[in-house]
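All remarks here apply to the structure that follows.
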Amino acid sequence: MVAFAETDASALRIREIRKSFPAPDDPVTKRLVLDGISFSVAAGELVCLIGPSGCGKSTLLRLIAGLDSTDSGELFIGSQPISEPGAERGLVFQDPNLFPWLTVRRNIEAGLVARRVLREKRNEVNEFMRLVGLEAFGGAYPHHLSGGMAQRVALARALINHPKVLLLDEPLGALDAFTRMRMQDEVLRLWENRRTTMLLVTHDIDEAIYMSDRIMIMTQRPGRIDRIITDALPRPRDRSSSDFLRLRSDILELLHFAGDSATA
Amino acid sequence: MNRAAIQSTLAGTEPERDATELTRHGSTLSWRVQWAVPLAALFDLAIHLLFSKRAPAVETHSYSLLMYEIIGVSIVLNIVQRFWMPLRSWMRHMCPIFTAAILLFGVWDVVTLGFQMLPLPYFPGPAAVLRSLISDRGLLLDSTLHSLALLVSGYAVGLLVGLVSGICIGWSGPIRYWGMPLLKVVGPIPATAWIPLAMVISPSAFVSSAGLIALAVWFPVTMLTASGISNTRASYLDVARTLGAGRTYLIFRVAIPAAVPNIFIGLFMGLGASFLTLVVAESVGVKSGLGWYVSWAQGWAEYSKVYAALIIMAAFFSTVMTLLFKVRDRVLVWQKGTIKW
């Protein structure tokens, strides 16, 4: 249970969320996946959520996106309660999930078409293609793109709706180390450029330290928020600075400790 | 082929053009390839003339004319290809196939007309079939057009109904609950088994035959469309919903495009079934079309006409099939390089 300041300025507010799923081997008993999650994210903030695999990070994002419903608890986007998926909460998965039958340009347009505002906002498509550096690939189909390019298209596709919160579910998890670091800078650039509130789920501690304003550490089964760490390192951050490394070893220790307490 | 060429062929790419490759494949067509077709035609001609006493003069005449034409055209092409690269690569690819086909005519001629190893009138020689093709061309053309009209109307109806029912069954749980058992019970019955019923119900033979073809097309199209729609990757639907998509977008812009590769499998299966149903329906009900022509010619024991109609059918059906492949290549351009059939 974590105390948090209840300010109406927060873009995303989550209170006492519980979620359980039927156990795979025995559908009658329910397994608690999220146990009383509470936190809030301020407008313009970039918050990372890290934790061991299976701690319910992705489940939490799906709840915020409105793709699943909670057992109990409240979710607010601004002052609106969340009940179903909506364009004000963008979601980018680890798999870019581009529509393979649409070109890059049409993929980026998809949100505008879905909301029936393409005619008014057509000029924004070029802007977002430029923003992610893909203006030359508008006519290409997704299977021609590299992993990093595909993920940039997925980012542009989510951002074109001007979401109040962008939910990122390990978006860089499938990329190789070099592309990954480049894409971290890319996401940071988009964040600084647009000041979109971002909630980034990752299992990469370096990524969390490199990118976030705050890092929330989750424990496993049932998932709880164990600790929230403010990451106040000056930007742009240096992955090899002593402060960075100190924070890293602190978190590693915490995670190790968190792991022990969960099994105890 | 050297090893590099074999490897690159395995990898599906063009072989590297080193110096030897250029002289062998690149700039000129080898003499063997150039002369294979005219020599094969000459061989056929020689064989036929050897046995021509047994054939009516008119058959020999048109058969020889065809062979002269093949020889003439291939010699002209041999000259043109020196100046026109696309023709050259096409000829390099196609000449062996054409040669084999022409030689088969010769073998056919030897077996039938030459040594009369097969009983007449069931197995006429190629010259007789060619003569029937020419002499009956008016009726054959008319029959082809009738078959085409019947095929197109039946296929179109089956396609439309199949798409609609497939989309409904694939998308909606309740419709799947009620529709799927019906589909599973009624669908596998061959459309031709309904012929007795169709003859009783419908006002005209054309309508009943078109209905049977539609039924034959409907089943595979519905089945494959439904499975394509219901197997749409959940993550595509999730993404679309977080982009603000409503139900219309989810169905028409996510589920249906995602199902199109599957739908095309249904369209091809339906096309095969529609050919079968077309020929059967025409030979028992409708008094026109290629199916009718075949059974009519058989009734008069004019087997050379039967074979002539079979040749037309082969050309007709494979053209329709090729057209569908072209449509698929256009529609599924986003899959280019990933589909292998």
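Answer yes or no: is there a residue in the range A:28-46 that is exposed (fewer than 15 other Cβ atoms within 10 Å of the Cβ), away from chain B (no Cβ under 14 Å), modelled with pLDDT under 85 and under 21 Å from A:Arg214 (Cα atoms).
no
Just checking, which of B:Val221, B:Val217, B:Val239 is surrounded by 20 or more Cβ atoms within 10 Å (Cβ to Cβ) and free of Cβ contacts under 8 Å to residues at least 24 places away in the same chain? Spell out how you get there, then give the answer.
On the way: B:Val221 fails: free of Cβ contacts under 8 Å to residues at least 24 places away in the same chain; B:Val217 fails: free of Cβ contacts under 8 Å to residues at least 24 places away in the same chain.
Going through B:Val221, B:Val217, B:Val239 in turn, just one is surrounded by 20 or more Cβ atoms within 10 Å (Cβ to Cβ) and free of Cβ contacts under 8 Å to residues at least 24 places away in the same chain: B:Val239.
List the residue pairs whose Cβ atoms are under 6 Å apart, where the first residue sits in the range A:95-117 and is at the interface with chain B (Cβ under 7 Å from one of its Cβ atoms), the second is β-branched (Val, Ile, Thr) and part of a loop (DSSP other than H, G, I, E, B), and the two are 6 or more positions apart or on different chains.
A:Gly111/A:Ile160
Just to be sure, is B:Val294 away from every other protein chain (no Cβ under 14 Å), at negative phi and surrounded by fewer than 18 Cβ atoms within 10 Å (Cβ to Cβ)?
no
Would you mention how many residues in the range B:233-253 are within 7 Å of chain A (Cβ to nearest Cβ) and among the aliphatic types (A, V, I, L, M)?
4
Which condition does A:Glu16 not pass, out of (1) modelled with pLDDT of 85 or more; (2) surrounded by 15 or more Cβ atoms within 10 Å (Cβ to Cβ), if it passes all the others?
Here A:Glu16 meets the rest and fails (2).
Quick one: in the range B:254-288, of everything that is more than 14 Å from every other protein chain (Cβ to nearest Cβ) and of a type in the set (Phe, Trp, Tyr), which residue is nearest to B:Ala309 (Cα to Cα)? Write out each step before concluding.
Our first condition is that a residue be more than 14 Å from every other protein chain (Cβ to nearest Cβ); within the range B:254-288, this holds for B:265-288.
Those left that are additionally of a type in the set (Phe, Trp, Tyr): B:268, B:275.
On the way: B:Phe268: 23, B:Phe275: 14 Å.
Filtering first and then ranking leaves B:Phe275.
Can you tell me how many residues within the range A:141-154 are more than 20 Å from B:Ala240 (Cα to Cα) and either within 11 Å of another protein chain (Cβ to nearest Cβ) or surrounded by 22 or more Cβ atoms within 10 Å (Cβ to Cβ) (or both)?
Result for the range A:141-154: 1.
Quick one: which residue in B:Ser274, B:Ser283 is surrounded by 15 or more Cβ atoms within 10 Å (Cβ to Cβ), under 15 Å from the mean Cα position of the chain (by Cα) and small (Gly, Ala, Ser)?
On the way: B:Ser283 fails: under 15 Å from the mean Cα position of the chain (by Cα).
Of the residues listed, the single one that is surrounded by 15 or more Cβ atoms within 10 Å (Cβ to Cβ), under 15 Å from the mean Cα position of the chain (by Cα) and small (Gly, Ala, Ser) is B:Ser274.
Can you give me the number of residues within the range B:164-194 that are polar (S, T, N, Q) and surrounded by fewer than 17 Cβ atoms within 10 Å (Cβ to Cβ)?
So in the range B:164-194, the residues polar (S, T, N, Q) come out as B:165, B:172, B:192.
Remaining after also requiring surrounded by fewer than 17 Cβ atoms within 10 Å (Cβ to Cβ): B:172.
Counting residues in the range B:164-194 that are polar (S, T, N, Q) and surrounded by fewer than 17 Cβ atoms within 10 Å (Cβ to Cβ) gives 1.
Can you tell me which of A:Pro85, A:Pro52, A:Pro81 is within 24 Å of A:Leu172 (Cβ to Cβ) and either free of Cβ contacts under 8 Å to residues at least 40 places away in the same chain or within 14 Å of another protein chain (Cβ to nearest Cβ) (or both)?
On the way: A:Pro52 fails: either free of Cβ contacts under 8 Å to residues at least 40 places away in the same chain or within 14 Å of another protein chain (Cβ to nearest Cβ) (or both); A:Pro81 fails: within 24 Å of A:Leu172 (Cβ to Cβ).
Testing whether each residue is within 24 Å of A:Leu172 (Cβ to Cβ) and either free of Cβ contacts under 8 Å to residues at least 40 places away in the same chain or within 14 Å of another protein chain (Cβ to nearest Cβ) (or both) leaves just A:Pro85.
Name the single residue, out of those in the range A:155-182 being within 13 Å of chain B (Cβ to nearest Cβ), touching a strand residue (DSSP E or B) at 6+ places or on another chain (Cβ under 8 Å) and assigned to a loop (DSSP other than H, G, I, E, B), that is farthest from A:Glu124 (Cα to Cα).
Here the answer is A:Pro171.
Scan the range B:248-300 residue by residue and report those that are assigned to a helix (DSSP H, G or I) and among the β-branched types (Val, Ile, Thr). Steps first, please.
Keep residues of the range B:248-300 that are assigned to a helix (DSSP H, G or I), which gives B:248-284, B:290-299.
The answer is B:Thr248, B:Ile251, B:Val254, B:Ile256, B:Val260, B:Ile263, B:Ile265, B:Thr277, B:Val279, B:Val280, B:Val284, B:Val294.
The values are calculated or read from the model by the stated rules, or taken from the named source; none is laboratory data. Predicted, not measured: the structure shown is a model, and the values here were computed from it. A quick note on method: Cβ atoms are made from the backbone with ideal geometry, for glycine too, and the neighbour counts reach across all protein chains shown.
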